[in-house]
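The values are calculated or read from the model by the stated rules, or taken from the named source; none is laboratory data. Keep in mind the model is a prediction, meaning the values are calculated, not measured. Cβ placement follows ideal geometry from the backbone for every residue including glycine, while neighbour counts extend to all protein chains displayed. Just so you know, the surface numbers come from the protein's heavy atoms only, side chains and all, with ligands and any DNA or RNA stripped out. Shrake-Rupley method; radii C 1.70, N 1.55, O 1.52, S 1.80 Å.
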Amino acid sequence: DVVSWGTWSSGRTLSRQKDTSSNMRWTLVLFTVLAAQAWAKEKHHDCPHRYPTDLAKQGAEKTRNELSEGKPLYQLEVFDAEDGFKPLQTHTLGLRTNSRERKFRGFHVSVEKKDAKCKSGRLKAYHKGVKELKHCNLLIHAKDEPKVKVPLTWKAPSCGCVTIRATVLEDDTKYYLDDGRHDDGPLTKTVCAREDAEDDVKVKNEMVGGKEDVDNFDPESKMEYEPKPEHPNKPEYVPKPEYEEKTGDEMKPEYKPKPEYEEKPEYEPKPGDEMK
């Protein structure tokens, strides 16, 4: 009986250990799943949509973006990239109102690529009134205050076309954005890489082994070499006359004869030398 009781007790202990180990494994799996869901929720739900859902739920209405006939109230500008962007270069963008009496308080700017083989570039904030959401590649307002214009920057990709879209919040009751089915409008701009600039990028990529990184690219480090202009007061270079080689007697130094040797007179004994 003593032996059987010990055997039963030992088996019960092993069974409890197995149950504890199994529970720990299931707890670890559950924790991993919950952590992954939380991470996914944070990553996707922290990126605000161009359509202001929360503001619309509070009663805000989409308003027609028109100040006068043919002129929008709010406008997105791409400046020098209007006729095509320079690949891997930083371009200045702008969001502004065409009426100082109708300022805006908020905005949302996003960029999407049109070609699968190319990237969309990177939106960047350098103005204190702009907040950059790096994991979303979005720019939103940092302060809820009236604005006339806001400067933005965008680092272009190496190729392809992109569409930049903006949403403007005039106040808590009105917002403005273009139809998403359109690629161009007052608050929507589609720009493509310049063909001549693409050729320059291909040459540069071949020279550096075809490596490119849009996110880590520094435009200043890729500045083309420009020769320095000559100083306006620098005297004109005048070449020295060529060396004229002398031949014949001209190469020999002039002969100067040494003075003739004067023989000393023979020794004449003086009186008294014979006595010495």
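Structural remarks
- Sorting the segments 86-96, 129-139, 58-68 by their residues' average number of neighbouring beta-carbon atoms within 10 angstrom, most packed first, yields 86-96, 129-139, 58-68.
- Average accessible surface for region 58-150: 59 Å² per residue, computed with a 1.4 Å probe over protein heavy atoms with every protein chain in place.
- For ASP184, the solvent-accessible surface with a 1.4 Å probe is about 100 Å², rounded to the nearest 10.
- Pairs of lysines in region 117-188 (C-alpha under 25 Å apart; 8 or more residues apart or interchain): 29
- Taking a ≥ b ≥ c as the square roots of the eigenvalues of the Cα gyration tensor, region 45-94 is oblate, since a/c reaches 1.5 or more and a/b is not larger than b/c.
- Protection proxy ranking of 154-163, 185-194 - average other beta-carbon atoms within 10 Å, highest first: 154-163, 185-194
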